[in-house]
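Since the structure comes first, as structure tokens, the remarks are kept for the end.
The values are calculated or read from the model by the stated rules, or taken from the named source; none is laboratory data. Since we're looking at a predicted model, the values are computed, not measured. Heads up, the Cβs are rebuilt from the backbone with ideal geometry, glycines too, and the neighbour counts pull from every protein chain shown. Only protein heavy atoms, including side chains, enter the accessible area calculation; ligands, DNA and RNA are left aside. Shrake-Rupley method; radii C 1.70, N 1.55, O 1.52, S 1.80 Å.
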Amino acid sequence: PQFCRAYLPRDYAPDGKWPMIVSLHGYNAPNPPYVRWWGSDQRHDRWADRYHVIMLAPHGRGNTWYRGIGDQDVVRCIELAKQRFSVDEERVYLTGYSMGGGGTWHIGTRHPELFAAIAPYYGGWDYHVSLPEERLAKLTPAERLRLERESSFAQAEQLLNLPIWVMHGDSDPVVEVAQSRYPVRMLQRWGYDLRYQEVPGRAHEDLGTEDALYQWFLTHRRQANPPHVRVRAPELKSASAYWLKVTQRRDPSGFVHADAEVVSPATIRLDTDNALEVVLSPGPSLVDPGKPVRVIWNGDEVGEIRLDKNGEAVLR
């Protein structure tokens, strides 16, 4: 078992619906027993009271970089908070600092349907930033694939429907600011909903932007059933976003790509690469579950499908 701290606002009442901010901690080099981690004895949280929100602080299994078991721990903490408290599922937000900033990228890209908005602080890594151009040019396909899988932004396409606010101090000596500039430029080129704040003269420290961030968070609500979704994933277990999931692929060592759009209540466009089986589960706000839906997969007419009793259709 691991602890997960939850702070309720002083006016919390279970008969209401309360927004929740999930905050991911940074790396702790001594890796102490979890009872000696930062804030484990904290009794109150000022942000919970100031903004009338539930503040959730998962442990993430310590220094896991929120991958594997660390990712599972955060998702499980969110599930437990929803069971025990009156959480507004349309207003759950994710942020984190340093390693927690990288965790925000990692978890946000793999579970975008859980959140209304995310905000990574000075975290994340990509080999395009870390390696010089001459080294990049000499990478073998196998080396490039391995490095691409390790990137914090490997699944950034899945942020299509998720507002993002990235923050970094321009004098950070621990995580160079280029590690935030890289994904910001990439997502801006794609036209994603992103804002970037680079704080002059600030290092790897408190940037003093929480008030503005939390106010911005609370203006957003989750898109539970967006009409257009994307998936890019190195593993099948994370090859899903909202109502699109890839369950089989041709090349087990290659990335899965999928782009699906409900172009009308009776038509879905589906484009994929390295995908042999896809599960579609668009909600009733997108299609009529009682009527057949026409699917065009990679330009070919698949025919009409019907959603089963679970609201799903499997395509092969």
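With the convex hull drawn over the C-alpha atoms of the range 114-182, the volume per residue is 104 Å³.
Computing FRET efficiency as 1/(1 + (r/R0)^6) for residue 276 and residue 216, where r is the C-beta to C-beta distance and R0 is 35 Å, gives about 0.30.
Over the chain, what percent of the accessible surface lies on carbon and sulfur atoms, probe 1.4 Å? It is 49 percent, rounded to a whole number.
Our estimate of slack between residue 306 and residue 10, defined as 0.36 nm per intervening residue step minus the Cα-Cα distance, is 101.8 nm. About its Cα centre, the range 77-204 has a charge dipole of approximately 100 debye under the convention of +1 per Lys or Arg Cβ and -1 per Asp or Glu Cβ, with nothing else charged. For the range 258-312, the Kirkwood estimate of the hydrodynamic radius, built from every pair of different alpha carbons, is 11.4 Å. Considering all C-alpha pairs of the range 170-316, those separated by over 27 Å amount to 41%. Spin-label model, residue 209 to residue 251: label points 7 Å out along the Cα-to-beta-carbon direction sit 3.7 nm apart. The Cβ shell under 14 Å around residue 97 holds other residues with a net charge of -3, Lys and Arg each +1, Asp and Glu each -1. Only Lys, Arg, Asp and Glu carry charge here, each on its Cβ (+1 for the first two, -1 for the last two); on that basis the chain has a dipole of about 480 debye about its Cα centre. Using the Cβ-Cβ distance between residue 140 and residue 36 with R0 set to 45 Å, the FRET efficiency works out to roughly 0.55.
From its DSSP helices (H runs of at least four residues, each -39,500 (n - 2.57)), the chain gives a residue-normalised ellipticity at 222 nm of -6500 deg cm²/dmol.
Rolling a 1.4 Å probe across the protein heavy atoms gives the chain an accessible surface of 47 Å² per residue.
Taken over the range 1-132, the alpha-carbon convex hull comes to 111 cubic angstrom per residue. Packing, as the average of other Cβ atoms within 10 Å across residues, places the peptides 113-120, 98-105 in the order 98-105, 113-120, highest first.
The eigenvalues of the Cα gyration tensor, multiplied by 5 and square-rooted, give the range 56-128 an equivalent ellipsoid with semi-axes of 21, 14, 10 Å from largest to smallest.
For the range 158-250, the Kirkwood estimate of hydrodynamic radius, built from reciprocal distances between every pair of different alpha carbons, is 15.5 Å. Averaging 1/r across all pairs of distinct Cα atoms in the chain and inverting the result yields a Kirkwood radius of 20.8 Å.
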